[in-house]
Each structure stands twice: as structure tokens, then as C-alpha cells.
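Beneath this line is the structure, given in C-alpha cells, with notes to follow.
The values are calculated or read from the model by the stated rules, or taken from the named source; none is laboratory data. Everything numeric here is computed off the predicted structure, so don't read it as measured data. Methodologically, a virtual Cβ is constructed for each residue, glycine included, from the backbone with ideal geometry; neighbour enumeration extends over all protein chains shown. To get the accessible areas, we keep the full protein, side chains included, count just its heavy atoms, and leave off ligands, DNA and RNA. Shrake-Rupley method; radii C 1.70, N 1.55, O 1.52, S 1.80 Å.
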Amino acid sequence: MAEASLLIRGGTVVNDDGERQADVLVEGGKVIRLDLPGTGEATDGVIDAGGLYVLPGIIDPHTHFALDAGSGRTADDFESGSASAAAGGVTTYLNFAIQHPGQGFEQALAAARGEAEGRSHVDWSLHLNITHLDAGWERELERVVDGGVSSAKVYTTYKDSVFYVDDFTIHRLLERSGGAGLLVQIHAENDDILEGTKRELLARGLTSFAYHAAARPAVAEAEAVSRGLFFSRVTESPVYFVHLSNPLSVDLVAEARARGTAALAETCPHFLCLDDSVYAGPDAARYLMTPPIRSAELRAGLWDRLGRGEIHAIGSDHCGYSLEQRGSAGDFSKVSPGIPGVETTLPLIYTFGVEAGALEMSDLVRLLAANPARIFGLWPRKGRVEPGADADLVLFDPSADGVLEDADLHSAAGFSPYSGLRLKGRVRTTINRGRVVYDGGSVVGEPGWGQFIERLPFDATNFS
């Protein structure tokens, strides 16, 4: 059970609207009040947060734990993935429930819940991953939202896999989703452009991992975003674009929003902290994800748009394959793409954003906690340090400084694409619903503490 009374004393509490010195009193898994520094009292435990930021628990809206894409399961399952999350200050993550052939929406969600129940160190929820529409899907969609799952993802690529969804299906889904309170997420890449580019590279014998980025050009993303925005506009249903890597994609979303379309943009730490020079080196296998990492110029463009508030959330897109699972050595066309990242999002955005002067601490909280909570129906229970909210708290040490090493992390993938980077700031302690789940370098909570969180229907007015 959660501790009856816990005091976080002497820290700087940061929310998306600013920061203040305050003691945080926790009882029964909830924040009870914020007291003037040095005046808070607790009957059970006190944690000294002097010199630390006290942040709301990070909400990672984009993880792929226990993913089986047909070529094998990720090394990270719900237990190891959620342990890595706890170590990164993530107190809630949203994973994906894939609708396999022969399954309805509710069957897909039940299967994913059955695998995750009792295995997570921190709280979690699910996005439905829709791959087909069966007879009666409209009513089933309403039941899914009523059951606390208010978002679903579709893919415009991977045509020869379970994931691909054609334009007819996406349009039909959007005709219904807005009215049902479901937010549709789109993995936006034009599959025909990708397939044609791949054929040309293979015909020239250019198969090494060095060509991974070249095989998935940025124009393929922007084109698919424009198509998704058109469907959103004509159906008046909201849409959320995952892991955008191209500033042009963000511009398209911003322009659509200015016309009244309820469109949202997400990006990832790897697009903000790395550039495509990584593919020219001997360790290219560490950086294979889709979409791929872009040029330094495009990375700078993303930071510019992040600063203007045109990107609404940051997700890790954690997909914990090990390096041994990469598939055919040196052949980008046969690779299992995906990188671990749930544990490193907070220190990366602090280092490359706050320390670099590109973001304020309140911006970091907005992008990593408050906006994900608002967008995905977790607000006001999560995403903010305030009375009545879950006591999901991160004690973050801004003075910590060191080079990240693979051995520092808790993912079963066994590596990080960010190894070798000097990072400023580290998670000292993670608290989920009043219980310490990570402290001083160790995951101390047991699997099964994390709860499935039912979410509210999508509300376009509930985010900034």
C-alpha cells in the first residue's frame, strides 16, 4: 500500500505554469497540499529534496513494450520496460494493443491487458492499434472509449505487415472517431515512396545500415501528414501525428491548426539530440528506428518549432530490441527497427533543451507531463503537482553531470543510442502514487504495483 504520510521537503516544485519552493505532503497516494518551505509535516516519512526539482511524473505517450512485429519479440517486456521507465522518472506510459487478424477491438485490448497485468512497476494505459474494421466496429469503438481507452493508432506504411492500413479505412475511422471521443494517431510515411526508394538503393547494391536514413526520405513523412490532415479536416475528427522528424511536417500541422483543424504533433528525443551523421559510423546499428534520424539542419528546425509551441508532446518511441535482434547483418531492408529510450527522455530534454537555453523548466514539464496528460485523458489526475492529483513525483538533480554508458540503464535491450553523450541532470527518486519505485540508482518497487489507468475521452479544449 502507499505510505500513509510522506513529505517531500525543500525542493523546487515545477509545473507547466511555473515553479515555486514548496514542501509536498502526500497521503494515500495523493498530493494533499503544498506547504511553505520548512513548514510541512508528515507522520511517516520525509524525503529531503534540497537542491532538487520536484516534477510531476513523466508521462511517456509512446512505448512499445513486448512488441512482436512478426520477426521476434522485443527484448523489453512490461517488467523490464517499466523498470527502465521508473528509472527515467516515467510514472505512466501508454503502450499499444495490436489488433491481429481475426480480432476485434476489445479482443485486442483484452489480450494486451492480460499480458501486462501484474507486471508493471509504474502505471500504464493502452492505445488501440487498429488494423481493420469489422462489421459492427462503430458500436465497439464506443464501448472501447467507455472502457477508458480513448486513442488508437494507424500506420500508413509497412504494407506487407499486420500494421498497414489503407486510406479508405483511415477515412472511415475518422468519420466516426471524433464523435466517439477517440483520438486517432497516425504513423505517417508514404509507403509507395519508401518502397520505390528502397528498390532503387537495393538495385545499386546499397544495402548497408549507412543507407537506412536515405531509404526513408523526409518527404514521405510530410506527404502522409498532409493526407492525414485532409482526412481530419473533412471529417472534423482530431488527429495526432506520432514521432515527427521533419520540420515541414510540423509546419503542416501548425497551418492546419490555424485553420481550425484539431491536429497535434509529437516528436522524439532522438530527432532532437542526434543527427544523421550517426549512420556513417561503425555503430549505425544503434540508430535504426523509423522514421530515421535526420540532418543537423532538420534537427535545428525541430528545435525552432518546439520553442514556438508547435510541437505538443515528446514521446520516447521506446522499442527495446537488442543489437543482436537487428536481423540480417548490414542489410537495412531486413532490419528490426526500434531503439530503447524511455529511461533517457528526461535527462536528454533537460540537457539539450533547458541547459542549452532552448526551453524553460515549465516547458519541459508541459511537453513531458502536462500536455500528454491533457491530450490522452489523464488530466487532472496526472501531469501536475497539485492537491488532489496522484502523487506521481520525480526528484531530479540538475547538478548531476556525466557521460551516459550502456551499463547505466535498466532496459533489457542492453544498449542506448545515446551512450557516450554527456548529460546534465539525473533522476534521483521516482514516486508513483505515493510509493518510491526508484531511488538512488535502483528500481525498488516490485512488478505489479503499476495500475491500468482508464482515461477520459479526448477533449480538444483540454490541452495547450
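Some points to look at:
- Looking across the range 303-345, the residues that are closer than 26 Å to V239 by Cα, acidic (D, E) and open to solvent by 30 Å² or more (accessible area, probe 1.4 Å) come down to D304, E310.
Listed here are the residues, each with its yes/no results for (1) touching a Ser or Thr at 6+ places or on another chain (Cβ under 9 Å); (2) among the acidic types (D, E); (3) more than 18 Å from Q103 (Cβ to Cβ).
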| residue | (1), (2), (3) |
| --- | --- |
| G136 | no, no, no |
| K153 | no, no, no |
| V162 | yes, no, no |
| H171 | yes, no, yes |
| E175 | yes, yes, yes |
| I186 | yes, no, yes |
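- Qualifying residue in the range 330-342 (condition: under 27 Å from D48 (Cα atoms) and in contact with an Asp or Glu (Cβ under 9 Å, 6 or more places away or on another chain)): yes
- Within the range 74-90, being open to solvent by 20 Å² or more (accessible area, probe 1.4 Å) and touching a helix residue (DSSP H, G or I) at 6+ places or on another chain (Cβ under 9 Å) holds for A75, D77.
- Test for A262: is it surrounded by fewer than 23 Cβ atoms within 10 Å (Cβ to Cβ) and more than 21 Å from the chain's Cα centre (by Cα): no
- For the range 149-164, the criterion of being closer than 25 Å to G29 by Cα and in a strand (DSSP E or B) is satisfied by no residue at all.
- Inter-residue pairs, beta-carbon under 9 Å, first assigned to a helix (DSSP H, G or I) and in the range 121-140, second aromatic (F, W, Y), 6+ apart: W137/F105; E140/F105
- Taking the range 219-245 as the range and being open to solvent by 10 Å² or more (accessible area, probe 1.4 Å) and either in a loop (DSSP other than H, G, I, E, B) or farther than 29 Å from A356 by Cβ (or both) as the test, the residues that pass are E223, S226, R227, L229, F230, F231, R233, V234, T235, E236, P238.
- The one condition in (1) of a type in the set (A, V, I, L, M); (2) within 24 Å of E360 (Cβ to Cβ); (3) modelled with pLDDT of 95 or more that V26 fails to fulfil: (2)
- Scanning the range 184-216 for residues that are of a type outside the set (S, T, N, Q), in contact with a helix residue (DSSP H, G or I) (Cβ under 6 Å, 6 or more places away or on another chain) and not in a helix (DSSP H, G or I) gives V184, I186, A188, E189, H212, A213, A215, R216.
- Matching option when the condition is under 23 Å from the mean Cα position of the chain (by Cα) and of a type in the set (A, V, I, L, M), among A49, A75, A22, A42: A75
Let's see how each residue does on (1) within 25 Å of F65 (Cβ to Cβ); (2) touching a Ser or Thr at 6+ places or on another chain (Cβ under 6 Å):
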{"site": "T345", "(1), (2)": "yes, yes"}
{"site": "L348", "(1), (2)": "yes, no"}
{"site": "L359", "(1), (2)": "no, no"}
{"site": "D363", "(1), (2)": "no, no"}
{"site": "A370", "(1), (2)": "yes, no"}
{"site": "P417", "(1), (2)": "yes, no"}
{"site": "L421", "(1), (2)": "yes, no"}
{"site": "F452", "(1), (2)": "yes, no"}
{"site": "T461", "(1), (2)": "no, no"}
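- Evaluation of T63 against (1) crowded, with 22+ Cβ neighbours inside 10 Å; (2) polar (S, T, N, Q); (3) in contact with a Pro (Cβ under 7 Å, 6 or more places away or on another chain) (one fails), failing number: (3)
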